[in-house]
Amino acid sequence: MAEQLRGKLVVERIAADLAPRIEALGRADVVPTLAIVRMGERPDDLSYERTAKKRAESLGIAVRSVVLDEFAPQEALEAALHEVNHDPSVHGCLLFRPLPAFIDDARACEVLDPRKDIDGITLASLAAVFTDGHAGFPPSTAAACIEMLEHYGVPLEGRRVVVVGRSLVVGKPVSMMLLRRNASVTICHSRSNDLAGICRAADVVICATGRARAFGADFFSPGQTVLDVGINFDTHGNLCGDVDFDQVEPIVGAITPVPGGIGTVTTSMTMAHTVAAAERALAARDGE
Ligand code: NDP
């Protein structure tokens, strides 16, 4: 039986770390505030917004929803982001993606002030992830993977870590963050040969592909730590990860469940980044 790396304990620890920092901001009359910008009423967006609001409220973080029509033009979205940039009471901004196909995603992301980019969508934030710099923040999901590994004391230095998936949201940034922690990182994708063999030889496997239960017993070996980033629905509409939990859990040393794993921690990382952005804004204001 593998150890289950549950997100709940990590979430509780992050909340305990944030509480005194949010109190200190309050003494300076600052309420950390997150703007959620979305286009339309996609059920996934609404569900994540509800979760984020609940988590934020429990911590003392304010959330403001900026809602545009699903057919709003690029200019309207960019104007909303400019407004967020210029509002000193907003510290972080989460832009729900994917955006509608007629929106130029890259152009929209670049409008956001990197200081308010708490989910690593601007080029400045991503450059910081790749160069060990300090602008912006890494994508929350990539940060959640690292937080999970560190919370449970999974050693990284010198260890073989395989990341399956190379998106800018998860695969690439988490790989760079692992490299910074001196792991030996292999990045795999849909064209990788002998993916199962590469995964079996790793100490840690991170699956971020969006393929429901595609990673079965033949991808894993005893003693491994497995992070399942996938949030998928199977053919019966059940929420599941990329890893076939029932097959894999008896084999490996430790595994994150879905739900209750990385996704839970991701929301907390968004909150932690918002608090850090508020602290940086206060320090900049005091330094003026
Ligand atoms: P993308 O679709 O952007 O990227 C998927 C990656 O997986 C690509 O690099 C693709 O390879 C690779 N891939 C797809 N199929 C296979 C395969 N059969 N074998 C090996 N590699 C494969 O997805 P995201 O990175 O945005 O998200 C990945 C998963 O993580 C999704 O399930 C998503 O819902 C979930 N997610 C979870 C979050 C959380 O908070 N837990 C937050 C964000 C995402 P190639 O590049 O060759 O096409």
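What follows is calculated from the coordinates using simple rules that are stated; it is not laboratory data. Bear in mind that the values here come from a model prediction, so they are computed numbers and not experimental data. With ideal geometry, Cβ positions are generated from the backbone for all residues, glycine too; neighbour counts draw on all protein chains shown.
For a quick protection proxy, order the peptides 168-174, 126-132, 243-249 by their average other-Cβ count within 10 Å, most packed first. All intermediate terms of the calculation are to be shown ahead of the outcome.
On the way: 168-174: 22.3, 126-132: 16.3, 243-249: 19.6.
The packing order, highest mean first, is 168-174, 243-249, 126-132.
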Rounded Å value of the spacing that divides the Cα centres of the range 86-123 and the range 18-42: 16
When a/c reaches 1.5 or more, the comparison of a/b and b/c decides; with that in mind, is the range 1-110 rounded, prolate or oblate per its Cα gyration tensor? oblate
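Net charge near Val204: determine it from the other residues with C-beta under 9 Å of the C-beta of Val204, scoring Lys and Arg +1 and Asp and Glu -1. Mind dumping the intermediate values first?
Working: positive: Arg159, Arg160; negative: Asp203.
Every neighbour counted, the sum reads +1.
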Give me the distance in nm between label points sitting 7 Å out from Cα along the Cα-to-Cβ direction at Glu70 and Asp44, one decimal. 1.4
Neighbours of Ala142 by Cβ distance under 11 Å: Lys/Arg at +1, Asp/Glu at -1, summed charge -1
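Select from the range 115-164 those GluC sites (Glu not before Pro) which occupy a DSSP coil region and have at most 15 other Cβ atoms within 10 Å, ordered by residue number. Can you show the working numbers first?
Values: sites: Glu147, Glu150, Glu157; in loops: Glu157.
Listed in order of number, the matching sites are Glu157.
Calculate the FRET efficiency for Glu150 and Asp234 from the Cβ-Cβ distance with a Förster distance of 35 Å, rounded to the nearest 0.05.
Working: r = 31 Å, r/R0 = 0.88.
The pair Glu150/Asp234 has a calculated efficiency of 0.70.
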Pair Ala196, Arg97: separation of 7 Å Cα→Cβ label points (nm): 3.4
For the chain, set up a GNM with springs between Cα atoms under 10 Å and report which of Ser190, Ser167, Ser175 has the largest fluctuation. Ser190
So between Glu3 and His82, what do we pick up on full extension, going 0.36 nm a residue minus the alpha carbon distance? 23.9 nm
Neighbour counts of other C-beta atoms within 10 Å: give me Cys109, Cys207 arranged from fewest to most. Cys109, Cys207
